[in-house]
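The values are calculated or read from the model by the stated rules, or taken from the named source; none is laboratory data. Model, not experiment: these values are computed from the prediction. Methodologically, a virtual Cβ is constructed for each residue, glycine included, from the backbone with ideal geometry; neighbour enumeration extends over all protein chains shown. Calculation scope for accessible area: heavy atoms of the full protein, side chains included, ligands and nucleic acids excluded. Shrake-Rupley method; radii C 1.70, N 1.55, O 1.52, S 1.80 Å.
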Amino acid sequence: MLVFITRRLLFAVGLLLAVSLFTYLLFSMLPADPAALTCGKNCKPDLIEANRVRLGYDKPVLEQYWLFLKGIFAGRTYGTGATAFTCPAPSLGYSFSQHECVTTMIANTFPVTAYLSIGAFVLWMLLGISLGSVAALKRGKWQDRLATTFSAVGVSLPTFYIGLLVLFTVVIWLGLMPFPHYESPFENIVGFFNALILPWLTLAVLSAASYTRLTRNGMLEAMNEDFVRLGIAKGLKRGVILRRYVLRSALVPIVTIAGLDFAALLGGAIITESVFSLPGMGRMSIRAVVESDLPVLVGTTMVAALFIVLANVVVDILYGVLDPRVRTKS
Amino acid sequence: MISDFALEGIDLVKYFPTGRSGILGRARENVRAVDGVSLSLRRGTTLGIVGESGCGKSTLARVVTRLIEPTHGQILLDGEDITHASGKELRRMRTKIQMVFQDPYSSLNPRHSVGQIISAPLQVQKMKPVQGERQRVHEMMELVGLNPEHYNRYPHEFSGGQRQRIGIARSLILNPSIIVADEPVSALDVSIQAQILNLMAKLQETLGLSYVFIAHDLSVVHHIADEVAVMYLGKIVEMGPSNVVYSSPSHPYTKALLSAVPVADPKRHHRQDRIRLTGDVPSPVNPPSGCRFRTRCWLATEKCANEEPSLNPGGNGRLVACHYPLETPVSIGS
Amino acid sequence: MTSSLLSVTDLNVSFDTPDGVVRAVSDVSFTVSAGETLGIVGESGSGKSVTASSILRLNSSTNATTTGSAVLAGTDMLTCSDAEVRARRGSEVAMVFQDPLSALNPYYTVGRQIGEAYQVHHPDASKAEVRERVMDMLTKVGIPHPEQRVDEYPHQFSGGMRQRIVIAIALVNSPKLLIADEPTTALDVTVQAQILDLMLSLQAENKMAIILITHDLGVVAEVAQNVLVMYGGRIVERASVDALFDAPTHPYAWGLLGAVGSLDHNKRGELRTVIGTPPSLITLPPGCSFAPRCEYAHSVGSVCTTTVPMLRNIGHLGSFSACHMSDEQIIQIGSKVRA
């Protein structure tokens, strides 16, 4: 198992390096001049050149990449003398348009995205697994049809549509609550929930729809297994069989997929954050795209990639924990 | 001079790499599925290959039909070396040797009609039968006892036995001289098994086919084979005329295998004096040293652990790989 | 003695499917006494497995309709409450399945799976008692090094060892009746012999009755005392094992016995076959469902295709046959089948 984890981690580090190089090269090929974007429209050429040197954009791309990598571990100082400023390690670059270190920006926006993701994740797992279980247990009955309909509709609706629909119905039409305005949970816990409940629902509906189907199919499949029949033949109670036999085996693939879905969300729920004006990483990425704020783009991409890679490792380990056939190869 | 043998395998070996270990995950071990097997199929006869799961009989079938390439050894088809045949050569050789598979459910494409399935080999070989493709397929269907009117039906409309007939028709359409059948009846019900076995016997007679017939069911092989090879852990332990091997097994494994078969006659069963093998077949990744059967053999001595027995003549035209072959042949069930 | 352990009367099972109603079991009645081994033979779709799972009420609740009765030690398993069925499953009647790998829960150790089967019927047993019972069973069914293997998972065992574990689960509460559904079909022949030996020795110890479902007449000949031959969801012949093999009384049994290959070299030659294929259980032929494949149906006349034959006693060996032929004809042909 230890060898297995070590191998997976080594692989993950290599993968991250590759992703970072690829991202860096890709963005450096964009037809935008990062130095020209550092000041407004009426910038003088000599200021642009000075900024170019200060930010290191005068150097060859590979050297820039090296400096970027070094910055992650050692921090990075831009310019010299009195005008010099430093982004401490781990530095992911400096956003000139925002006049801030990218790491700081991510540190500010990430919690919002994390709260959004965690809440939505919990909600959709609860909703999806319970709806899926009910559908499987009441196969062919009205409960099943309701759940399958929900699943079909939910999967086919785009996030922005659900988001706007929810916003319109709850806030504008029914007037049940004011337009959500994000507040930190440490300052105003009620405001925090008020701001996040609708985005949570929006994100959860979409994923819950596909998890309903996953759970339903997984359980139906498991119910046909011989070992479930043997469980019944042992005289076990229905609840025990459902828990230890049916749900247990249906859950293994679900956990795998859920881990990856959750990680993808941590990279920024772009649409949901935009619809509900949440100051998260997704919205920051969108702004960076619009303004060609390259350092921010590279930084957020790297963070998103990190989560995906980490989630892969975690899922692999979880898989071993959940399924003894993976853990103990005979 | 043309060879007496339709098909020969000489010292065939097939290893499959398995298991990854170490940080870099390099493959280190081999499953020794077939480990030095020589056999020959006399023209117009049936060679049966029996053994329990994991003995390598199915791998052997895939090696001699060149569905996979052997790790080592030589395959002669009509005296011609096809061990490393490829491309055109391989395609030409496939007109002479065809395979029938175990599972009549998964070996037929469900989206193709029966006519398409049976005629597919013609298209692969770009062959145009003189009487026309459709007519040829009709003939094949009649030959194997299918109604030619069902030409346009799909596999799911047929029962298991009929599907196996479709598989046989497909294998015969190129007019091959050799059929390698891998467990062709083990997925079928008993009464249907008999139909297919009788059909295969009839086809052999009328078309002069040579069969390699692989099965785990000893009575099925006994029924159809002229010669039989008994495999254990990738090796042949005993081989010879079917009546000799079945009536007086010389290798302890053959005897144990035969004595384990339930006899469909309540008066005859001697559950008490049956030879009971203990334990299971060892892993083909790490087979026992010396004689591979020694870990389950009641006659094994130290010699068996140190020295691998080779296949030697054992009387009545048989070959046996045992240091202590059974001297007094004990007839089964007499 | 007339009191039997299990008495199945007029069992009918049908399944609603999108293609139509599948009449899986029709008018099946039989009894099993304590200590008896009853073999049920038939091909796929003959209704043998459904008959067995009905006794444990294992058929799907959503689309199966079961009528008749299956009285096990005084309780009708088909009509009693769910709680009563549950109390008897695993304790009075246990089951062994065909494929031992898929019959074991891959997520739990074998020890836990055996222990669970014991605990559910002995809720007051302490952890140590359960563990002791588990080790006992592992030893009994011949698992080497039980103290080490008890905490391993099913996939770490070979096929034969897995079937031993399934048997350990089945027998942990010393049931009165064991239903074994093709228990050796997935196993190699030398392992099959081991498992059959094991089942017989454990039966002798417990005076347990066994219903052995199989397609292999050889297995039946070796272990059963009485046999039911099923075809198209019905019992077509009921006989002692000696009578079945000496003088079978149904044309289907004649065909089956002729179709079995033999290891005896004098008996090679063309196998007797049953022509055609088994009937669809959705559109069963009227009358005798074997009639379309029966070579004697023509000579008997239209009764074969209009009237379902009832089981009746034939000859002096106590055999029952569901065939329209006259007793004399049946006895005459039957005596020649195995000659």
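What to note about this one:
- Note on the stretch C:63-86: residues that are assigned to a strand (DSSP E or B) and more than 21 Å from the chain's Cα centre (by Cα) total 0.
- Qualifying residue in the stretch A:255-268 (condition: under 25 Å from A:Ile129 (Cα atoms), within 14 Å of another protein chain (Cβ to nearest Cβ) and in a helix (DSSP H, G or I)): yes
- Being outside any loop (DSSP other than H, G, I, E, B), buried (at least 24 other Cβ atoms within 10 Å of the Cβ) and within 11 Å of chain C (Cβ to nearest Cβ) is not true of B:Tyr211.
- Number of residues in the stretch B:283-294 that are in contact with a Pro (Cβ under 6 Å, 6 or more places away or on another chain) and within 13 Å of another protein chain (Cβ to nearest Cβ) equals 0.
- Residue check, A:Phe68 out of contact with any strand residue (DSSP E or B) (no Cβ under 6 Å at 6 or more places or on another chain), surrounded by fewer than 16 Cβ atoms within 10 Å (Cβ to Cβ), modelled with pLDDT of 80 or more and part of a helix (DSSP H, G or I): no
- Yes/no for B:Asp182 being touching a residue at least 24 places away in the same chain (Cβ under 8 Å), open to solvent by 10 Å² or more (accessible area, probe 1.4 Å) and closer than 22 Å to B:Pro262 by Cα: no
- Residue check, B:Tyr105 in a loop (DSSP other than H, G, I, E, B) and of a type in the set (Phe, Trp, Tyr): yes
- So B:Ser242, is it touching a strand residue (DSSP E or B) at 6+ places or on another chain (Cβ under 9 Å), within 30 Å of B:Pro287 (Cβ to Cβ), small (Gly, Ala, Ser) and open to solvent by less than 10 Å² (accessible area, probe 1.4 Å): yes
- Filtered residues of the stretch C:116-168 (kept if among the basic types (Lys, Arg) and either within 13 Å of chain A (Cβ to nearest Cβ) or surrounded by 21 or more Cβ atoms within 10 Å (Cβ to Cβ) (or both)): C:Arg149, C:Arg162, C:Arg164
- Residues (open to solvent by less than 20 Å² (accessible area, probe 1.4 Å) and polar (S, T, N, Q)) located in the stretch A:279-330: A:Ser285, A:Thr300
- Of residues in the stretch B:25-71 being touching a helix residue (DSSP H, G or I) at 6+ places or on another chain (Cβ under 7 Å) and within 14 Å of chain C (Cβ to nearest Cβ), the one farthest from B:Ala6 (Cα to Cα): B:Glu52
- Identity of the residue in the stretch A:164-197, touching a helix residue (DSSP H, G or I) at 6+ places or on another chain (Cβ under 8 Å) and closer than 18 Å to A:Met281 by Cα, that ends up surrounded by the fewest Cβ atoms within 10 Å (Cβ to Cβ): A:His181
- Applying a threshold of 6 Å to beta carbon distances and a minimum spacing of six or more residues, or different chains, the list of pairs starting in the stretch A:2-20 at a residue that is away from chain B (no Cβ under 14 Å) and ending at one that is part of a helix (DSSP H, G or I) reads A:Leu15/A:Val309; A:Leu16/A:Val309; A:Val19/A:Ala305; A:Ser20/A:Met302.
- Residue satisfying all of: in the stretch C:280-339; of a type in the set (Phe, Trp, Tyr) and surrounded by 18 or more Cβ atoms within 10 Å (Cβ to Cβ); farthest from the other protein chains (Cβ to nearest Cβ) among these: C:Phe320
- A single member of A:Phe227, A:Phe276 is modelled with pLDDT under 90, of a type in the set (Phe, Trp, Tyr) and crowded, with 19+ Cβ neighbours inside 10 Å, and it is A:Phe276.
- Test: B:Glu139 is free of Cβ contacts under 8 Å to residues at least 12 places away in the same chain and of a type in the set (Asp, Glu): yes
- Residues of the stretch A:115-128 classified as surrounded by fewer than 24 Cβ atoms within 10 Å (Cβ to Cβ) and closer than 15 Å to A:Ser277 by Cα, total: 1
- Residues of the stretch C:87-115 that turn out to be assigned to a helix (DSSP H, G or I) and either more than 10 Å from chain A (Cβ to nearest Cβ) or buried (at least 20 other Cβ atoms within 10 Å of the Cβ) (or both), as a count: 8
- Some residue of the stretch A:32-45 being open to solvent by 60 Å² or more (accessible area, probe 1.4 Å), within 21 Å of A:Met284 (Cβ to Cβ) and among the aliphatic types (A, V, I, L, M): yes
- Listed conditions (1) under 30 Å from C:Leu56 (Cβ atoms); (2) touching a Gly at 6+ places or on another chain (Cβ under 9 Å) are all met by A:Ile254, apart from (1).
- Within the stretch A:74-103, tally of residues that are over 22 Å from A:Leu26 (Cα atoms), touching a residue at least 12 places away in the same chain (Cβ under 8 Å) and assigned to a helix (DSSP H, G or I): 2
- Number of positions in the stretch C:51-71 that are more than 10 Å from chain A (Cβ to nearest Cβ) and closer than 17 Å to C:Leu177 by Cβ: 7
- Condition broken by B:Arg134, with the remaining ones in (1) more than 24 Å from B:Gln204 (Cβ to Cβ); (2) within 14 Å of chain C (Cβ to nearest Cβ) satisfied: (2)
- Lone unmet requirement of (1) open to solvent by less than 10 Å² (accessible area, probe 1.4 Å); (2) within 11 Å of chain C (Cβ to nearest Cβ) for B:Leu188: (1)
- Qualifying residue in the stretch B:109-131 (condition: in contact with a Phe, Trp or Tyr (Cβ under 7 Å, 6 or more places away or on another chain), open to solvent by 30 Å² or more (accessible area, probe 1.4 Å) and not in a helix (DSSP H, G or I)): yes
- Residues that are of a type in the set (A, V, I, L, M, F, W, C) and either more than 13 Å from the chain's Cα centre (by Cα) or within 11 Å of chain C (Cβ to nearest Cβ) (or both) within the stretch B:216-238 comprise B:Leu218, B:Val220, B:Val221, B:Ile224, B:Ala225, B:Leu233, B:Val237, listed in sequence order.
- Number of residues in the stretch C:176-200 that are more than 10 Å from chain B (Cβ to nearest Cβ), surrounded by fewer than 23 Cβ atoms within 10 Å (Cβ to Cβ) and assigned to a loop (DSSP other than H, G, I, E, B) equals 3.
- Applying the criterion of being open to solvent by 50 Å² or more (accessible area, probe 1.4 Å) and among the hydrophobic types (A, V, I, L, M, F, W, C) to the residues of the stretch A:233-261, the residue that is nearest to the chain's Cα centre (by Cα) is A:Leu260.
- Residues (modelled with pLDDT of 90 or more, small (Gly, Ala, Ser), assigned to a loop (DSSP other than H, G, I, E, B) and open to solvent by less than 30 Å² (accessible area, probe 1.4 Å)) located in the stretch B:21-80: B:Gly51, B:Gly56
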